[in-house]
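Q: Quick one: this structure, given as structure tokens, is what I'll be asking you about.
We did not get these values from a lab; they are worked out from the coordinates using the rules stated. For clarity, every value in this text was computed on a predicted model and none was experimentally measured. With ideal geometry, Cβ positions are generated from the backbone for all residues, glycine too; neighbour counts draw on all protein chains shown.
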Amino acid sequence: MPIYFVRHAKAGSRSTWEGDDRDRPLVDDGWKQAHALATLLAPLQPTVLWSSPYERCQQTLQPLAELTGLTVMVDKRLEEESPLELSLAALDDAPDNAVLCSHGDVIPDAINGLLRRGMDIGDAPHALKKASTFVLHRVNGLFVSAEYWAPPKV
């Protein structure tokens, strides 16, 4: 069964945001992406929704939570600059059909770590756009393959 590893949707500009970056929210296009992701992922029957503590990640999963009745649970192992061993531990701990939302530094780092463990991603990119998803396939506790879903069109 897969695990869905989502990069947060479009947020406001980091350079113009004046508050704590953890509080930087989604912009209108980001909310559209979040709703499109929810429409895509809800029929796949997610079991849990885990998010970085950053507001933009939690907001990315909020429409999916509303469609599925699940609660977005914060997991600090998914926050920006999380050490590789922590983000990999979050993936290892995730149940089948989990949806995890993180950042543009954490996800490529984790994908590269899984590649070193032997996972195959074919021609999928190692970096990803906002609101895109890596679908990670696990067999007997090992991540064996992944596919990349481009961001939903909004």
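Q: What residue, among those in region 126-143 that are surrounded by fewer than 18 Cβ atoms within 10 Å (Cβ to Cβ) and in contact with a strand residue (DSSP E or B) (Cβ under 6 Å, 6 or more places away or on another chain), is nearest to MET1 (Cα to Cα)?
A: Going through the qualifying residues, I end up with HIS137.
Q: Evaluate region 92-104: report whether one residue or more is over 14 Å from TYR4 (Cα atoms) and either touching a strand residue (DSSP E or B) at 6+ places or on another chain (Cβ under 9 Å) or surrounded by 14 or more Cβ atoms within 10 Å (Cβ to Cβ) (or both).
A: First pass over region 92-104, keeping only residues over 14 Å from TYR4 (Cα atoms): 104.
After this cut, where a residue has to be either touching a strand residue (DSSP E or B) at 6+ places or on another chain (Cβ under 9 Å) or surrounded by 14 or more Cβ atoms within 10 Å (Cβ to Cβ) (or both) as well, the list is 104.
Within region 92-104 (the criterion being over 14 Å from TYR4 (Cα atoms) and either touching a strand residue (DSSP E or B) at 6+ places or on another chain (Cβ under 9 Å) or surrounded by 14 or more Cβ atoms within 10 Å (Cβ to Cβ) (or both)), the answer is yes, since at least one residue qualifies.
Q: May I pose another question? Six or more apart or on different chains, Cβ atoms under 8 Å: show the pairs whose first residue is in region 11-39 and within 20 Å of VAL74 (Cβ to Cβ) and whose second is among the polar types (S, T, N, Q) and assigned to a strand (DSSP E or B).
A: Short answer, once both residue conditions are applied: LEU37/THR133.
Q: Further, regarding this structure: If I ask for residues that are of a type in the set (Gly, Ala, Ser) and either closer than 17 Å to HIS103 by Cα or crowded, with 21+ Cβ neighbours inside 10 Å (or both), which ones from region 22-37 would you list? Before the answer, list the steps.
A: Filtering region 22-37 down to residues of a type in the set (Gly, Ala, Ser) leaves 30, 34, 36.
Those that are of a type in the set (Gly, Ala, Ser) and either closer than 17 Å to HIS103 by Cα or crowded, with 21+ Cβ neighbours inside 10 Å (or both): GLY30, ALA34.
Q: Within the bounds of region 51-64, is there any residue that is in contact with a Cys (Cβ under 8 Å, 6 or more places away or on another chain) and small (Gly, Ala, Ser)? So that I can check it myself, show each step before the final result.
A: Of all residues in region 51-64, those in contact with a Cys (Cβ under 8 Å, 6 or more places away or on another chain) come to 51-52, 57-58, 60-61.
The next check asks that each one be small (Gly, Ala, Ser); those that pass are 51-52.
Yes: region 51-64 contains one or more residues that are in contact with a Cys (Cβ under 8 Å, 6 or more places away or on another chain) and small (Gly, Ala, Ser).
Q: A follow-up question, please. Just for region 73-90: of the residues that are crowded, with 20+ Cβ neighbours inside 10 Å and not charged (D, E, K, R), which one is farthest from VAL144 (Cα to Cα)?
A: SER82
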